[in-house]
Amino acid sequence: MEMNEYLDVFIEESKEHIQALNEHLLELEKEPSNLTIVSEIFRSAHTLKGMSATMGFQDLADLTHKMENVLDAVRHHKITLNSDIIDVVFNAVDVLESMVLDITDGGEGKQDVTNLVNQLQAIEAGEVVTANEEAAVTVNQSASVQIEQQLDQFELTVLQQSQEKGFANYQVTVRLQESCLLKAARVYMVFEILEKIGEVIKSTPSVTELEDEQFEYDFNVILVTKDTPDMIKQKIMKVSEIEEVVVAELSLDNISEQNEYTQTQSNAVQQDNSEANSGKETTKSQVSNRTIRVNIERLDALMNLFEELVIDRGRLEQIASSLRDAELQETVEHMSRISGDLQNIILNMRMVPIDQVFNRFPRMVRQLTKDLNKKVDLQIYGAETELDRTVIDEIGDPLVHLIRNALDHGIETPEVRKQKGKPEEGILKLNAYHSGNHVFIEISDNGAGIDREKVITKAISNGIITREQANGYTDKQVYQLIMESGFSTADKISDISGRGVGLDVVKNTIESLGGNISINSSFNEGSTFLIQLPLTLSIISVMLTEVQNEKYAIPLSSIIETAIVHKKDIMHAHNKQVIDFRGKVVPLVSLKEVFEVPGDVEEDDYYSVVIIRQGEKMAGLIVDTFIGQQEVVLKSLGNYLTDIFAISGATILGDGQVALIVDTNALIK
């Protein structure tokens with residue numbers, strides 16, 4: 001059976017089972033006596049074990065098998081669960097996840113699981129074991145065993161033949177200093193030395209990963225040479241920023257025995273999996289026939305083709321309107337309705353629940369609260385809310401950053417909360433919901449909140465604002481200051497709860513997705529970060545406008561309304577034109593001046609103005625004429641036209657003209 005064709009399915013299903021393991025373990029930690037949850041965990045582990053063995057990923061199968069034994073003992077009341085046992089099982093799930101990620105990246109999913117397996121066996125035997133002890137043992141021993149497990153038959157043959165010809169086989173472990181800046185350069189120098197004294201058979205991580213600096217500070221190499229260990233060590237230590245070199249002789253006998261044992265275990269596990277799943281084939285096939293997995297690249301290709309169809313649809317509508325042929329207009333209207341339905345279907349195909357991002361947070365919060373010695377209740381709402389896959393892929397890191405900030409600097413320790421008269425356990429809420437063509441995500445906590453005066457003091461010291469400006473700022477404007485780059489300093493002992501550290505990166509990422517972020521806070525009561533995101537990034541609704549003979553598209557999501565303003569109603573403030581819009585002073589921005597559109601200025605008593613808003617800020621864009629509302633396909637300007645001020649992309653209109661899409665956020669700034 002050719003396994004490669006099933007690899008994608010294996011990876012996707014393995015990720016689902018690992019996520020299920022994490023979720024159920026979190027539930028089990030709250031209800032240790034609930035055997036129903038234990039049975040759910042057991043089933044996920046058993047399925048993952050069978051899949052791994054069938055695909056030949058034996059380390060995965062071995063570790064899952066031992067974890068399965070522990071769960072089986074819990075089910076049959078042979079073991080009583082406690083926090084230490086759950087921590088060890090969590091560690092096992094973490095290792096399983098790293099193995100699956102290695103397989104995803106093209107690896108073989110091999111990892112030294114000896115000590116973790118031994119620990120699970122000890123738990124099964126009723127011995128007392130802690131997760132921290134396991135971690136220490138794994139760190140000390142993994143370097144010496146892991147590379148041995150990754151040798152294939154060809155590499156073993158090379159090592160055996162070199163030994164027969166009088167060469168020595170060594171495993172060389174090199175550790176760089178943590179202060180080393182150019183790790184790849186040091187690795188290159190080490191390999192240059194090794195290749196002069198012998199032949200490198202294997203390296204862990206791989207050479208590509210080492211060149212890309214995808215490793216911490218140490219790496220392992222199997223070397224065939226006639227030099228002694230001391231000679232090898234002396235030559236490598238001549239390279240600067242090397243902290244330690246360990247040279248150990250490689251025993252081929254142990255590796256051969258280990259490979260024989262692994263093959264025997266593989267056959268046994270495959271047979272066990274076959275028997276266990278024989279009665280479930282019918283049920284599985286019925287479920288799998290109802291859904292199919294589609295590569296996101298195929299959906300992207302489908303979306304690109306549909307985008308071309310949208311452009312042609314606009315062209316046909318314009319032709320039908322100009323010819324005024326009844327039959328043609330009727331046909332075009334019907335095609336427009338059909339293509340509209342098709343558009344909704346394609347967009348829905350790309351929509352995935354935000355739960356794919358949210359589901360990693362319970363585990364992360366559990367670990368962080370342990371590290372910080374805090375008590376936090378994570379409450380998640382609206383996980384079923386759907387977003388475009390491209391937005392989902394980008395929003396994960398900003399949310400992680402905001403949650404870590406809330407846990408680290410927002411929610412106080414139990415002692416401090418008790419002194420303030422609060423419950424010892426803080427609350428962190430994560431809420432997602434739809435509103436119009438946008439998705440909103442709220443991250444709120446009932447922690448320390450943001451101190452207005454301390455934010456202002458730091459902003460003034462960093463030169464972001466002056467004291468005079470600060471006096472006129474509202475609370476919301478002050479809170480927005482912590483998103484400025486001036487606050488991205490290493491000053492972690494700041495009295496403003498450390499919320500400013502790195503939040504400018506969060507803001508930039510969200511704005512690059514066409515969204516925005518706002519902050520509400522009450523001192524000593526808590527804070528709320530509200531993120532607004534578009535449902536999709538490819539097809540957007542715009543207001544088409546014209547400046548001279550050039551067309552500009554303004555996203556409807558940024559527009560409050562359009563207005564015709566008489567020139568006599570225009571006022572001046574700080575040498576800029578402003579208007580009174582419903583009691584607020586709104587500055588005017590001429591698109592003709594911003595984009596330097598050529599042509600004579602027409603003398604007219606009125607301005608056509610588009611009122612736009614970003615957060616609390618507003619502006620009025622002066623254009624020549626309004627054309628109307630339209631759905632357009634957002635296209636990038638390509639690599640040659642990057643960083644064009646206030647332009648986020650372009651679109652092709654029905655008459656073949658190109659309209660530039662205005663980046664309203666840049667204009668308001």
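One residue stands out in segment 598-612 among those that are of a type outside the set (Phe, Trp, Tyr) and surrounded by 16 or more Cβ atoms within 10 Å (Cβ to Cβ): the one that is nearest to Asn516 (Cα to Cα), namely Ile612. Taking each residue of segment 40-64 that is in contact (Cβ under 8 Å) with a residue 60 or more places away in the chain and looking for partners that are outside any helix (DSSP H, G or I) with beta-carbon atoms closer than 6 Å, six or more apart or interchain, yields Asp59/Lys110; Asp59/Gln111; Asp59/Val113.
Give segment 415-426 a look and list any residue that's surrounded by fewer than 17 Cβ atoms within 10 Å (Cβ to Cβ) and in contact (Cβ under 8 Å) with a residue 40 or more places away in the chain, or say none. Spell out the reasoning first.
First pass over segment 415-426, keeping only residues surrounded by fewer than 17 Cβ atoms within 10 Å (Cβ to Cβ): 415-416, 418-421, 423-425.
Those that are surrounded by fewer than 17 Cβ atoms within 10 Å (Cβ to Cβ) and in contact (Cβ under 8 Å) with a residue 40 or more places away in the chain: Lys420, Glu424, Glu425.
Could you tell me which residue of segment 370-403 is surrounded by the most Cβ atoms within 10 Å (Cβ to Cβ), considering only residues that are among the hydroxyl-bearing types (Ser, Thr, Tyr) and modelled with pLDDT of 85 or more? Restricting to residues being among the hydroxyl-bearing types (Ser, Thr, Tyr) and modelled with pLDDT of 85 or more, the top hit is Thr385. Annotation for segment 222-241: at least one member residue is outside the structural domain of Asp112 (by TED's automatic domain parsing), within 26 Å of Asp105 (Cβ to Cβ) and touching a residue at least 60 places away in the same chain (Cβ under 8 Å).
Of all residues in segment 551-573, those that are assigned by TED's automatic domain parsing to the domain that holds Asp604 have Cβ atoms under 9 Å from Cβ atoms of residues that are of a type in the set (Lys, Arg), 6 or more apart or on another chain, in Ser558/Arg613; Ile559/Arg613; Ile560/Arg613. The one condition from (1) part of a loop (DSSP other than H, G, I, E, B); (2) farther than 25 Å from Met303 by Cα; (3) more than 34 Å from the chain's Cα centre (by Cα) that Asp655 does not meet is (2).
Out of segment 536-575, which residues are within 30 Å of Glu307 (Cα to Cα) and either acidic (Asp, Glu) or outside any strand (DSSP E or B) (or both)? Matches in segment 536-575: Thr536, Leu537, Ser538, Glu546, Gln548, Asn549, Glu550, Leu556, Ser557, Ser558, Glu561. For segment 608-639, a tally of residues being of a type outside the set (Gly, Ala, Ser) and within 30 Å of Gln477 (Cα to Cα) returns 12.
Out of Thr54, Thr64, one residue alone is closer than 19 Å to Asn118 by Cβ and either of a type outside the set (Gly, Ala, Ser) or modelled with pLDDT of 85 or more (or both). It is Thr64.
Anything in segment 614-625 that is surrounded by fewer than 16 Cβ atoms within 10 Å (Cβ to Cβ) and in a strand (DSSP E or B)? List them, or say none.
Taking segment 614-625 as the starting set, the residues that turn out to be surrounded by fewer than 16 Cβ atoms within 10 Å (Cβ to Cβ) are 616-617, 625.
Result: Lys617, Thr625.
Taken over segment 190-220, the criterion of being hydrophobic (A, V, I, L, M, F, W, C) and within 23 Å of Leu101 (Cβ to Cβ) is satisfied by Val207, Leu210, Phe215, Phe219. Inspection of segment 593-606 finds a residue satisfying the criterion of being in a strand (DSSP E or B) and outside the structural domain of Leu481 (by TED's automatic domain parsing).
Would you check if Val117 is closer than 29 Å to Val221 by Cβ, modelled with pLDDT of 85 or more and among the aliphatic types (A, V, I, L, M)? Taking the combined requirement at face value, the residue does not satisfy it.
A single entry from Val95, Val100, Val74, Val117 fulfils the requirement of being under 30 Å from Asp8 (Cα atoms) and free of Cβ contacts under 8 Å to residues at least 40 places away in the same chain: Val95.
For (1) of a type in the set (Phe, Trp, Tyr); (2) within 31 Å of the chain's Cα centre (by Cα); (3) under 21 Å from Leu535 (Cβ atoms), each residue gets a yes or a no:
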site: Leu309; (1), (2), (3): no, no, yes
site: Glu317; (1), (2), (3): no, no, no
site: Ala320; (1), (2), (3): no, no, no
site: Arg324; (1), (2), (3): no, no, no
site: Glu333; (1), (2), (3): no, no, no
site: Ile345; (1), (2), (3): no, yes, yes
site: Asp355; (1), (2), (3): no, yes, yes
site: Met364; (1), (2), (3): no, yes, no
site: Thr369; (1), (2), (3): no, yes, no
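Taken across segment 576-588, residues that are modelled with pLDDT under 80, under 21 Å from Ile668 (Cα atoms), out of contact with any Cys (no Cβ under 9 Å at 6 or more places or on another chain) and not in a strand (DSSP E or B) do not occur at all.
Yes/no per residue for (1) within 30 Å of Gln163 (Cα to Cα); (2) at pLDDT 75 or above; (3) of a type in the set (Val, Ile, Thr):
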residue	(1), (2), (3)
Asn267	no, no, no
Ser278	no, no, no
Ile292	no, no, yes
Arg298	no, yes, no
Val310	no, yes, yes
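The values are calculated or read from the model by the stated rules, or taken from the named source; none is laboratory data. Note that the structure is predicted; figures quoted are calculated from it, not measured. So basically every Cβ, Gly included, is an ideal-geometry build from the backbone, and we count neighbours across all protein chains shown.
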